[in-house]
Every structure is written in structure tokens, then in C-alpha cells.
1. For the pair residue 87/residue 203, report the inter-label distance in nm, with labels modelled 7 Å from Cα in the Cβ direction.
2. Would you mind counting up the charge near residue 215? Only other residues with Cβ under 13 Å from its Cβ, with Lys and Arg at +1 and Asp and Glu at -1.
3. Suppose R0 equals 51 Å; then what is the FRET efficiency for residue 103 and residue 159 from their Cβ-Cβ distance, rounded to the nearest 0.05?
4. Provide the net charge surrounding residue 144, with neighbours chosen by a C-beta distance below 13 Å and charges set as Lys +1, Arg +1, Asp -1, Glu -1.
5. Can you sort 216, 131, 288 so the residue with the fewest Cβ neighbours within 10 Å comes first?
6. Could you give me the percent of Cα pairs per 5 Å distance bin for region 88-226, shortest bin first, beginning at zero and ending with the bin that holds the maximum distance?
7. Kindly provide the pair-distance distribution of region 139-185 built from C-alpha pairs, with 10 Å bins from 0 and whole-percent values in order of increasing distance.
Amino acid sequence: MAFANANYSDILATTIENRSRNVADNTMSNNALLARLKARGKVRTFSGGVKILQELSFNENANAGWYSGYDILPVGVSDNISAAEYNIKQAAVPVIISGLEQLQNSGREAMIDLMEARLDVAESTMMNLISSGIYSDGTGAGGKEIDGLDAAVPLDPTAAPYGGIDGATFTFWQNAVSDQTAAAGLDPTQIQGFWNLLWSQLVRGSDRVDLIPCDSTVWNAYIASLQNQQRFSNTNEGDAGFMTIKFMDADVVLDGGIYTGDVTGATGAPAGTAYFLNTDYLFYRPHSDRNMVPLSPNRRYATNQDAEVQIMGWAGNLTTSGRQFQGRYDANG
């Protein structure tokens, strides 16, 4: 019994550390956007700093132009590179073992079984917490939540600064919006026309929307509009467990979310919403030293309880380098 109790926290911390890579991978696979960003190499860790910086190009090179023969060529400095800055957001899930539970599960196998069960719950909770954060506006929990799609692609891109840049001042930092709340936004006979217009506003050469996560109401309306047409699915997203169809060459993903009634809330797209995303300009930025790992390898005791705790922690944010390439379809009347 002494052996089991003395090493319980050490085993718990080590197990979280050993499982951290799988937890991080499973969290990305649990969300359609994160799965796409992982597949496209848009998961980029950072190692320090007060803010997460995301470089972006906000203007063309002013020196570009036509010339002939011995014309003087302009070589002046062209200021066209800047960076959006994002706060580091943090999340944690505790795994708690009471002294009584340690005594009741003092055998090594029983101890590990209990620990694995607690870790499974902690991992799924963290996955849902991150997934719900991906769709948030960053104001949840007193502004501690991830700056998710509701902040990156809001209904009003001029209402508040995002990434330290004011969309009301800089038009290149405004996402497109198709507000059909006063129209027939969920009418299967009209939804494709609305989507055609929004999609065309987000095309620049080969840059175009590649992922459209939406809730069940928008999904159903789009499905109904395809009743007499052939449907195409993307096997990669299908293999990952997401139901997908095509609009143009973008994957339309059902990510409607189920409200669980707990602290994680809904984990999918808001009601009546579809995001038109160009994932070339979206990034998932976890900290290299805080990506689903134990916060401390040492034993943690409650000061006034017979209990030990290990905490699984995460830090990072969702960032954007091209807000103008993102769009939002709103049919939530």
C-alpha cells in the first residue's frame, strides 16, 4: 500500500506527459477546422513572448511597375509587412485523486485503472473545451477564452479590433458577411445563390475558400438544395469522422454542436451560421511547452483536503494572417 500511495502522483504526472501527444492530436481531430489546419501544416507552435505574433502582408509592393530600356527603376523601401498580435490564452483540466480512493485502489493495477478512467474524462473535457473555444469570440470566462471564429470572422468586422488591428480603420482587415436573417437564408431554393455571391467575394486568383463548417440548420438547407444533384464527399474529412459535401471545390462540414449543459457548452458552429474559410490564412498556435502537458511533475496536495491533484494544461490561440479572405453566412433570424 505504501508503494502505491507514494508513487501515485509520479505515475499520474508521467502518464499525462506520455499521453500529451495523443491528447493534442485527438483534440485537433475532434474539430473540423483544427483537423484541416493540421492537414495543411497550419499548426505552428511558439516558444515564448508576451504575445503571439502572426505576420501578414497588408499591401502590395509600391515599387512594382512597367519600364522601358534605361528607365530609372524605383528601389525605395515599401512598407507592406506587419503582424497581428494575439494574447496567450490558457486552459486547464485537473485530475483529482482523494486519499480514500488511493487506499481503496492501492494495488498497482487498480490504481492505474482508476487513473486511466479519470484521465479519459479529463482529455475529453479538454477536447470539448478547445473545440468550443474555436467558435468563440474570445470574451468567455472574462476574456480568457480562445479568440475563435466568432472573433476572427464576426458579423460586424468593424465593431472591435482583432489581433490588435482595427477593422474600422483598415479595410484589408474586414471579413466578408452575408447577412440573410431578414431574407430566406434557409430557403433551399435560394441558399446557393446567396453562397455563390459570398464565395465570389472571397476569391483572389488561386486564393479561395476551402472549408465551410456550418450548423445543422444551414446544413439541412444546403442538403435540400442538392436534392436533385449528385453529391460529392471528401474522403479525408469523411475518414476523420466529419460529414462533408461540396460547394464549388470547398468542403461543407456539418459541425452543428450539441449543447452538453456543462462548462464546455456547445462545441460546434453557432445556430444559423456557416463560415467560409480560407485555411491558408488561419493558424492554430499552441505553446511548445504547454500543449496538453502536466503543469507540474511534482506532487500537488490540497491544503485542507486529503487529496492529490495533477493538472493538464494548454496555452495558445487561434490566429489569422488574412481576415479579408474569410466570410460568414448568417441565416439566424
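Just so you know, all these numbers are worked out from the coordinates, no wet-lab data involved. Keep in mind that this is a model prediction, so the values were computed, not measured. A quick note on method: Cβ atoms are made from the backbone with ideal geometry, for glycine too, and the neighbour counts reach across all protein chains shown.
1. Here the modelled spin labels are 3.9 nm apart.
2. -2
3. Details: r = 56 Å, r/R0 = 1.09.
That pair, residue 103 with residue 159, gives E of 0.35.
4. Details: positive: 89; negative: 137, 145, 147.
So the surrounding residues net to -2.
5. 288, 216, 131
6. 2, 8, 12, 13, 13, 13, 10, 8, 6, 5, 5, 4, 2, 0
7. Answer for region 139-185: a P(r) of 25, 45, 26, 4 percent.
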